[in-house]
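What follows is a set of notes on a single structure, which appears directly below.
Each reported figure results from applying straightforward, stated rules to the coordinates on display, with no laboratory input. These numbers come from a predicted model, not from an experiment. Methodologically, a virtual Cβ is constructed for each residue, glycine included, from the backbone with ideal geometry; neighbour enumeration extends over all protein chains shown.
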Amino acid sequence: MTTFLALGTGYGIVGLIVLILDIIALVSILTGGKSVAGKLLWTLIVVLLPVIGMILYFVIGKGGD
């Protein structure tokens, strides 16, 4: 039983880290110098694909600012 609880806590921390990084990505998108269409597209990608979208934004999308 304690192993199950320990695993659950670890995944909760990972989820919290992903959430924080997604929020940072969204703030960066919305305050960046991209066009409205670009901001909307990146926001949709990050919201619909949280982990992959965040990675794509920081690797590909942020370079255009």
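Site pair residue 19 and residue 49 shows an inter-label distance of 2.3 nm when each label is modelled 7 Å from Cα along Cα→Cβ. For segment 22-65, rounded, prolate or oblate, judged on the Cα gyration tensor with a ≥ b ≥ c (square roots of eigenvalues), a/c < 1.5 rounded, else prolate if a/b > b/c? Verdict is prolate for segment 22-65.
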